[in-house]
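The values are calculated or read from the model by the stated rules, or taken from the named source; none is laboratory data. Worth saying up front: this structure is predicted, and the values here are computed from it rather than measured. FYI the Cβ positions are ideal-geometry reconstructions off the backbone, even for glycines, and counts take in every protein chain you see. Heads up: the accessible areas ignore ligands, DNA and RNA and are worked out on the full protein's heavy atoms, side chains in. Shrake-Rupley method; radii C 1.70, N 1.55, O 1.52, S 1.80 Å.
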Amino acid sequence: MAAFRNIKSITQISKLFNNAVSNRTVIPANTVLAIRNLSTTKCLGGLMEFFDDEKNWGVNEVKTGKSWSIDELRIKSNSDLHKLWFVLLKERNMLLTMEEESKEETRLFPSPERIDKVEVSMDNLEAVVKERNKAYFELETGETGERKVEEIMGPFGLPVQHEQEEYLIPKHMNAEWQKKHVHDVDNADVKKFVRLYKEKEMREKRQQQTRDFNHVIGLLKRFPDMDMEALKAKYPDVDIDKAKRSRKCRGHFVPK
Amino acid sequence: MRLTQLLCSSVGKWSKQFSNLPDRYIERTMNQVYWKNPKGSQYKPNTEVKRKKFRFSVHRPWTAQFRQQNSPGKLYKKVFVEPIKDWSFFRGDRVEVLVGPDKGKQGYVKQIIEERNWVFVEGLNCTLKDMGGDKKYPGIYVKMEQPLLVTTQVSLVDPSDLQATAFEWRFTEEGDKVRVSTRTGRIIPLPASIEETIDYKSKATYKEQPKDTLADDVSEVTFQPALKTFQMDIMESMDIKDERVPLKTYWY
């Protein structure tokens, strides 16, 4: 790949980078800070860690297992999860870099589902961390400890989900917030809009019901010996007996 | 219901089982967004105009052929698919073909396309397709299996007498759901290849790859419950002490 033509310059930069890091770790020698700055992780390739193993360049597929499930993550300690998060983050960065590089080089990016596997693992990990924090806060404070979401009236007269934010002054003093979030919806224009919007929603719902009903008629016509339970399970809102009575439902034969 | 969920549910479980691909990847490759609502104050926030009706045929949703078949602007006539309560034909099942030139022959299910109620039976119900021909060269004929409808065109085979049979799902004394032949009352066992994927024959025989976490490391229990949040625990383990008192703030 062409990006690797500049390998020399990249490794030189990474060398500089490594030196800078190691110099910094040497200076403080007394306290805990020194221990924190001293990284025990083996430095593999500096900036080349953004790229995959050279064996995987230009291959058709890179075999990998499944993503971490929630149950597998629940049995891991907080520090393990913390470490795993950075492993996953590095892997995702590497995969996105490789994807971009493959695009530039018009080459095949092997096994693109790896990105999804890593992202699913990260989502699951975050869910487990939230779950643990929520348990702590519910026990200690009786609240979830997460950002609250409340339903407020939007500018169009329709309710919107508002994620609360942190401010230094209370609500009644915050004129800027009031201007942005408090809407006068008690006027004729908004009322007309809401009426027409509700009408549109109702019409869409009714049209969907009619479409489903006609589809069921089509199914009954084509498959008269169909499993009626399966049909009822798939279209719970459709009156199947009424559909059976429909003229369109009957085939071109004399009824028995 | 969100459209992504709809998309995901439109691809049947058994259609994607053999590929061993994450649902999210299948969803991502199928997704065709033509227009997105701009950010800001909208009466319908995060609205997307995207393809809702897909043509499912012999091509799998994550392949280039599927994308070509469902390219933007291409519409197809509606296909009526008979609803089925429980999917009952799995990879490796011995079935009898009830129609066509191979009527009465038995074979094994090779591929499942749940969206159309189709199965492919290995080596049966084939057509010859001319491939790679041009003006000078006539091309070569490739034998390809054609799909068969599970509702009318194939039948499961009773293992006791190797004859085609009707069946139903019943529960055993232990509470397992099994397929039972209505003719002989024998159980038709699920094939061993039911959990086979492109990556492994069975979960037990999976060969660990260099990028995988070892199974022992995954199953090791390291969690010790303590009255701490995640952040408190990490700060303690890293010896970070924060004694600053936060300002009084308001959330709204």
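How many percent of the accessible area of segment B:84-136 is carbon or sulfur, using a 1.4 Å probe?
Carbon plus sulfur share of accessible area: 49 percent.
If Lys and Arg each add +1 and Asp and Glu each add -1, what is the summed charge of the other residues whose beta carbon sits under 11 Å from the beta carbon of residue A:229?
+1
What trypsin sites (Lys or Arg not before Pro) in segment B:100-167 are in a loop by DSSP, with at most 10 other Cβ atoms within 10 Å of the Cβ?
Taking segment B:100-167 and a limit of 10 other Cβ atoms within 10 Å, the loop trypsin sites (Lys or Arg not before Pro) found are B:135, B:136.
Which three extents, in angstrom, do the Cα atoms of segment A:187-256 have along their principal axes, listed largest first?
62, 24, 15
Segment B:133-184: which GluC sites (Glu not before Pro) are DSSP loop and have at most 16 other beta-carbon atoms within 10 angstrom?
B:173, B:174
Would you be so kind as to list the residues of segment B:18-49 that have their accessible area lowered by at least 30 Å² in the full protein complex compared with their chain by itself (1.4 Å probe)?
B:22, B:24, B:25, B:28, B:41, B:43, B:44
Summing +1 for each Lys or Arg and -1 for each Asp or Glu, what net charge is found among the other residues whose Cβ lies under 13 Å from the Cβ of residue A:93?
Charge balance in the 13 Å sphere: -4.
Using only the C-alpha atoms of segment B:3-69, find the volume of their convex hull and express it per residue in Å³.
Expressed per residue, the convex hull around the Cα atoms of segment B:3-69 is 95 Å³.
What 222 nm value per residue comes from the helices of chain B, counting each DSSP H run with n ≥ 4 as -39,500 (n - 2.57) and dividing by all residues, nearest 500 deg cm²/dmol?
-4000 deg cm²/dmol
How big is the dipole moment of segment B:1-143 about its Cα centre under a simple scheme where the beta carbon of each Lys and Arg is +1, that of each Asp and Glu is -1, and everything else is neutral? Debye, nearest 20, please.
Charge dipole, segment B:1-143, about its Cα centre: 680 debye, nearest 20.
Report the label-to-label distance for residue A:252 and residue B:252 in nanometres (one decimal), using points 7 Å from each Cα along the Cα→Cβ vector.
7.2
I'd like the per residue volume of the convex hull spanned by the Cα atoms of segment B:59-110, given in cubic angstrom.
160
Once Rh is set to the Kirkwood radius over Cα pairs, what Stokes-Einstein translational diffusion coefficient, in µm²/s, holds for the protein assembly as shown at a temperature of 10 °C and a viscosity of 1.306 mPa s?
Diffusion coefficient, whole number: 54 µm²/s.
Using the basic label-point model (7 angstrom from Cα toward the beta carbon), what is the residue A:173 to residue B:207 distance in nanometres?
About 6.9 nm separates the two model spin labels.
For residue B:143, which lysines qualify as cross-link partners when the Cα separation must be under 23 Å and same-chain residues fewer than eight apart are set aside?
B:103, B:105, B:110, B:129, B:135
Count charges around residue B:35 for me, please; just the other residues with Cβ under 10 Å from its Cβ, Lys/Arg as +1, Asp/Glu as -1.
Once positives and negatives cancel, what remains is +1.
What are the ³J(HN,Hα) values, in whole Hz, obtained from phi via the Karplus relation 6.51 cos²θ - 1.76 cosθ + 1.60 with θ = phi - 60°, for each residue of segment B:112-125 in sequence order, with x given for Gly and Pro?
My calculation for segment B:112-125 gives 10, 10, 5, 5, 10, 6, 10, 10, 10, 9, 4, x, 10, 6 Hz in order.
Residues of segment B:66-93 losing 50 Å² or more of accessible area relative to the isolated chain, 1.4 Å probe, heavy atoms only?
When all protein chains are present, B:80, B:82, B:83, B:85 each give up 50 Å² or more of accessible surface.
Using a loss threshold of 30 Å², tell me which positions in segment A:64-91 are less accessible in the complex than in their chain alone. Probe radius 1.4 Å, ligands and nucleic acids ignored.
Going by heavy-atom accessible area, the residues of segment A:64-91 that drop by at least 30 Å² are A:64, A:65, A:68, A:75, A:76, A:77, A:78, A:82.
Residues of segment B:181-210 with amide nitrogen under 20 Å from the 7 Å Cα-to-Cβ point of residue A:53?
B:199-200, B:206-210
Taking square-rooted eigenvalues a ≥ b ≥ c of the alpha carbon gyration tensor, is segment A:149-222 rounded, prolate or oblate, where a/c under 1.5 means rounded and, failing that, a/b exceeding b/c means prolate?
oblate
Based on the Cα atoms of chain B, what semi-axes does the equivalent ellipsoid have, where each is the square root of 5 times one gyration tensor eigenvalue, given in whole Å with the largest first?
Working from the Cα gyration tensor, I get semi-axes of 46, 30, 21 Å.
With a 1.4 Å probe and all protein chains left in place, how much accessible area per residue does the protein assembly as shown have, in Å²?
Each residue of the protein assembly as shown exposes 68 Å² on average to a 1.4 Å probe.
Given the Cα-Cα distance of residue A:61 and residue A:229 and 0.36 nm per residue of separation, how much length would full extension add, in nm?
Between residue A:61 and residue A:229, full extension yields 56.1 nm more.
Quick one: with all protein chains in place, what share of the accessible area of segment A:50-155 is carbon or sulfur, to the nearest percent (1.4 Å probe)?
Carbon with sulfur: 51 percent of the solvent-accessible area.
With a 1.4 Å probe, what is the total accessible area buried between chains B and A, in Å² rounded to the nearest 100?
5000
What do you get for chymotrypsin sites (Phe, Trp or Tyr not before Pro) in segment A:180-256 restricted to DSSP loop and a cutoff of at most 16 other Cβ within 10 Å of the site's Cβ?
A:253
For segment A:187-256, with all protein chains present and a 1.4 Å probe, just round the carbon and sulfur fraction of the accessible area to a whole percent.
Heavy-atom surface of segment A:187-256 belonging to carbon and sulfur, 1.4 Å probe: 52 percent.
Per-residue Cβ counts within 10 Å, from other chains only, averaged over B:225-231: what number is that?
Counting Cβ atoms of other protein chains within 10 Å of each residue's Cβ and averaging gives 6.
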